[in-house]
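Accompanying notes for the structure given below.
The values are calculated or read from the model by the stated rules, or taken from the named source; none is laboratory data. Bear in mind that the values here come from a model prediction, so they are computed numbers and not experimental data. Reconstructed Cβ throughout: ideal geometry from the backbone, glycine too, with neighbour counts over all protein chains shown.
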């Protein structure tokens, strides 16, 4: 590939060694005006790219995801974030499809982000890292597709922030994806979601360790995660799972220990999160989500974003998702219909809230599988004629 | 495929854009797409049926026509198709207005409440008619606004809706409705099929 240095395995950071990284040799002008060049993009692939190169699926991860979609994450040793949906025989069947996922720009799993060392100062970027946007993330991943010499994708798919990337991708590269599957997302971040992100950021910034060298704002990041985690669930889901159940005790202890199971659960979520996530990445990625407003990019008319696309859209929302409610997903559908695009939409019944797309929700997985399958068959039938 | 769909597909010209409202499991859409190269879209309120359509590779939106039709631009489809559902809407007139706005032409089919068996049922049994086409009890029927072929023709005339084609089905047999035979057809047909604009 011209201009691309190719693919390196390198030992810059002991934690993220041995993970696939593309050093992008071209310069990328960010939305904020700054230009970055020679920056790493960490990625992972699953399955095999076929000879026709028509079975590639680009999956975009959400706020706290990474490139390790399925199987065991080699860094965290935990299950990949989309293990329910991606893998051999699963909805996004890696026996059939070649799944690509890159750690987003601003992330902390090997891609260019605030955790990386600034080559000019030899110090960690931290908050000197440029503010990035969803558009910047998508542009960076386009370099990866060029490097892999993939001209046409079977599908672009993602939930939450991943869905935003799907929308951005299809609006920028209207001919590149045969199908686009934005899940549980929005075309422009709502005031409520900006507010919730700001809450998380302020929790991090309120931690006295934040911005101190060699210290991590773990407490702040944990609180941010706890608050965010509540927004990924639903009232009904929480009530059914936890109710007022007490944690390993018969009665209230009249203290501020975690008496209730829900408290203990949230504390655990916060505590484990800080082991795998960088606080500054959290700031940068939530900022990118807040800045996302595809409608504004097209002078207030969202349907113009999709005017040129031939991609087949399938928008999916979940009934109990109050973070990216069905109404916001429907706005995407309406805009697509307004420009005559090919669009299907379904709201999946689930009490698991926004997190439904990551969990074992059989109706969702079945629908996703069947949609992808129909696209795959259509492409292969067309070729046969 | 049922006869009604065959008649509808014969009305629809090749390579045209079709919106199927209440598309069910997508039988008609699939036929139109495969055999007539129609660019089809569907709207269906039942999740399980939407999923069947998605599995068949058909672009279907889950939604209720009374709320969703407003999103489609004026004349964005060559045909808007509404098969045997008009009577089930809370406000059929508004739905019909939306269809006429969205489609350059609209195909509407109605189960004919003027069919002789229905008349006989009410006359002799004195209970709400239940037939093969209208198999519901009065207390569980989704049909809120039953009408006859004559009612629909009168409606179109009163609202200045142009009827381009009108046909009827009786025991799988298709025939044309004309101004002369409409009274007769209103007694002997089970289903009316109208192409309007």
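Values computed for the structure shown
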quantity	calculated
Failed condition for residue B:55, given (1) under 21 Å from residue B:145 (Cα atoms); (2) at pLDDT below 95; (3) crowded, with 16+ Cβ neighbours inside 10 Å	(1)
Residue ID - farthest from the other protein chains (Cβ to nearest Cβ), chosen from residues in segment B:51-67 that are part of a helix (DSSP H, G or I) and out of contact with any strand residue (DSSP E or B) (no Cβ under 6 Å at 6 or more places or on another chain)	B:66
The lone exception for residue A:337 - which of (1) facing chain B (nearest Cβ under 8 Å); (2) farther than 13 Å from residue B:61 by Cα; (3) at pLDDT below 95 it fails	(2)
Qualifying residue in segment B:132-155 (condition: free of Cβ contacts under 8 Å to residues at least 24 places away in the same chain, in contact with a strand residue (DSSP E or B) (Cβ under 6 Å, 6 or more places away or on another chain) and assigned to a loop (DSSP other than H, G, I, E, B))	yes
Residue within segment B:92-108 that is in a loop (DSSP other than H, G, I, E, B) and under 15 Å from the mean Cα position of the chain (by Cα) present	no
Residue that is surrounded by the most Cβ atoms within 10 Å (Cβ to Cβ), among those in segment B:68-104 that are out of contact with any strand residue (DSSP E or B) (no Cβ under 8 Å at 6 or more places or on another chain) and within 10 Å of another protein chain (Cβ to nearest Cβ)	B:71
Subset of segment A:346-385 (residues that are more than 8 Å from chain B (Cβ to nearest Cβ), in a helix (DSSP H, G or I) and within 29 Å of residue B:37 (Cβ to Cβ))	A:368, A:369, A:372, A:376, A:379, A:380, A:381, A:382, A:383, A:384
Selection count, segment A:316-336, where residues are in contact with a helix residue (DSSP H, G or I) (Cβ under 6 Å, 6 or more places away or on another chain), free of Cβ contacts under 8 Å to residues at least 40 places away in the same chain and crowded, with 23+ Cβ neighbours inside 10 Å	1
Test result for residue A:234, closer than 20 Å to residue A:159 by Cβ and either surrounded by 14 or more Cβ atoms within 10 Å (Cβ to Cβ) or out of contact with any strand residue (DSSP E or B) (no Cβ under 7 Å at 6 or more places or on another chain) (or both)	yes
Members of segment B:8-50 that are away from chain A (no Cβ under 13 Å) and in a helix (DSSP H, G or I)	B:8, B:9, B:10, B:11, B:27, B:28, B:31, B:32, B:35, B:36
